[in-house]
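Undergrad: Before I ask anything, here is the structure I am working with.
Since every read-out is calculated from the coordinates, none of them should be taken as a lab result. The structure presented is a predicted model; accordingly, all values stated were derived computationally and were not measured. Cβ sites come from the backbone with ideal geometry, for glycine too, and all protein chains shown count toward neighbours.
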Amino acid sequence: MINVVIIGQNEGASIDAMLRSLPRDWKIIYVADRCTDGSVQELRALGVKAIDTTPLDLEGRQTSTCRNLGLSLCDKGADVLFLDGDRYPVKGDIRKAYEEMTTDVLCLPVEDDWRTPENFSLNYGRVYCGVYSCGMIMRRSAIDAVLRFQQGMLFNESLQKWWGIEDTSLGDVCYHLGLTAALTNEVILRGGFDRFEVSGLDVIEQRLRFRDRLNVRWD
């Protein structure tokens, strides 16, 4: 069994394509992050479980908070597919990718992506690991292991204000816990990466300090 957690901020233009691209029998939880474009109303009219974060008075980047909120509403025994609101499958078979998944974590590439299954495997556990939550499936056993390790958080909320390290730090934790991970070539998501570097040395320092507590690769 698998559930889908989608987070989006004013990405209503992608809702129809997203829903068409996913199997109809998969439970979808859409966390609408302070949307002002009518996303919540459209989703609810389509019968999708939509969580409006506006009443929570959130400020700044809240990617980890939104994903954790969506996870909290998933079925307790379900594996989970995490997607960004504009990162929907445009090529391949998402159901097949899930059903043939042999690792604890399966990352999904985007159209314009530097990652390949080969370099993903090579870099997993290193500083430049390729674990990004714009498209990622996690087995429930892996989710539960990370939740135990991070005091109930799958995505570390103390790191979310810095772009680019909340995802890779999850990759660090997964490696530390002995979880397996891979990048599929079975399905491709819409779009590409519009940023490739963190915003400053302070962000890199936060990442390295976090990694210093873990059994990760430094080579």
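Undergrad: Taking amide H atoms as placed 1.01 Å from N in the peptide plane, list the residues 5 or more away in sequence, or in a different chain, whose amide H sits under 5 Å from that of residue 190.
TA: Those qualifying (amide H under 5 Å, at least 5 residues apart or on another chain) are 88, 90.
Undergrad: State, as an integer percentage, the relative contact order of the chain based on alpha-carbon contacts under 8 Å between residues 6 or more apart.
TA: So the answer I get is 24 percent.
Undergrad: Shifting gears a bit: Would you kindly compute the Cα radius of gyration of the range 53-110 and its largest Cα-Cα separation (Dmax), both in Å?
TA: Just the Cα atoms of the range 53-110 yield Rg and Dmax of 14.1, 40 Å.
Undergrad: Next question, about the same structure. So how strong a dipole does the chain carry about its Cα centre when Lys and Arg Cβ are +1 and Asp and Glu Cβ are -1, to the nearest 20 debye?
TA: Its charge dipole is roughly 480 debye.
Undergrad: Ordered by residue, what ³J(HN,Hα) values in Hz, to whole numbers, does the range 113-128 give under the Karplus form 6.51 cos²θ - 1.76 cosθ + 1.60, where θ = phi - 60° and Gly and Pro are x?
TA: 9, 7, 7, 10, x, 6, 6, 4, 4, 5, 9, 4, x, 8, 4, 9
Undergrad: Of 97, 66, 147, which is farthest along the charge dipole of the chain in the positive direction, counting Lys and Arg as +1 and Asp and Glu as -1 at C-beta?
TA: The Cα lying farthest towards the positive end belongs to 147.
Undergrad: With the radius of gyration and the Kirkwood radius both derived from the Cα set of the range 2-211, what is their ratio Rg to Rh?
TA: Rounded to two decimals, Rg over Rh is 0.93.
Undergrad: Using the Cα centre as the reference, give the magnitude of the dipole from point charges on the C-beta atoms of the range 148-208 (Lys, Arg: +1; Asp, Glu: -1; all else neutral), rounded to the nearest 20 debye.
TA: 140
Undergrad: I want the antiparallel fraction of DSSP beta bridges within the chain, as a percent rounded to 5.
TA: Within the chain, antiparallel bridges account for around 30 percent of the total.
Undergrad: Nearest 500 deg cm²/dmol is fine: what mean residue ellipticity at 222 nm does the chain get from its DSSP H runs of n ≥ 4 alone, each adding -39,500 (n - 2.57), divided by its residue count?
TA: On the way: 8 runs with 69 residues, N = 219.
Helix contribution divided over all residues of the chain: -8500 deg cm²/dmol.
Undergrad: Mind checking which lysines have their C-alpha under 21 Å from residue 49, skipping anything on the same chain fewer than 8 residues away?
TA: 27, 76
Undergrad: What are the ³J(HN,Hα) values, in whole Hz, obtained from phi via the Karplus relation 6.51 cos²θ - 1.76 cosθ + 1.60 with θ = phi - 60°, for each residue of the range 134-143 in sequence order, with x given for Gly and Pro?
TA: Rounded to whole hertz, the list is 4, x, 7, 10, 10, 5, 4, 4, 5, 4.
Undergrad: Evaluate the range 1-116: find the radius of gyration of its Cα atoms, find its Kirkwood radius, and give the ratio Rg to Rh.
TA: With Rg and the Kirkwood Rh in hand, the quotient comes to 0.95.
Undergrad: HN-Hα J couplings of the range 149-160 from phi, Karplus 6.51/-1.76/1.60, θ = phi - 60°, integer Hz, Gly and Pro as x?
TA: 6, 10, 6, x, 10, 7, 9, 5, 6, 6, 10, 6
Undergrad: Please enumerate, by chain and number, the aspartates and glutamates with C-alpha under 17 Å from the C-alpha of residue 91, excluding those fewer than 8 residues away in the same chain.
TA: Straight-line reach from residue 91, under 17 Å: 16, 99, 100, 111, 112, 113, 186.
Undergrad: A follow-up question, please. Please list log₁₀ I(q)/I(0) at q = 0.26, 0.31 Å⁻¹ for the range 106-160, using the Debye equation with identical point scatterers on the alpha-carbon positions.
TA: Log-scaled intensity ratios, in q order: -1.16, -1.22.
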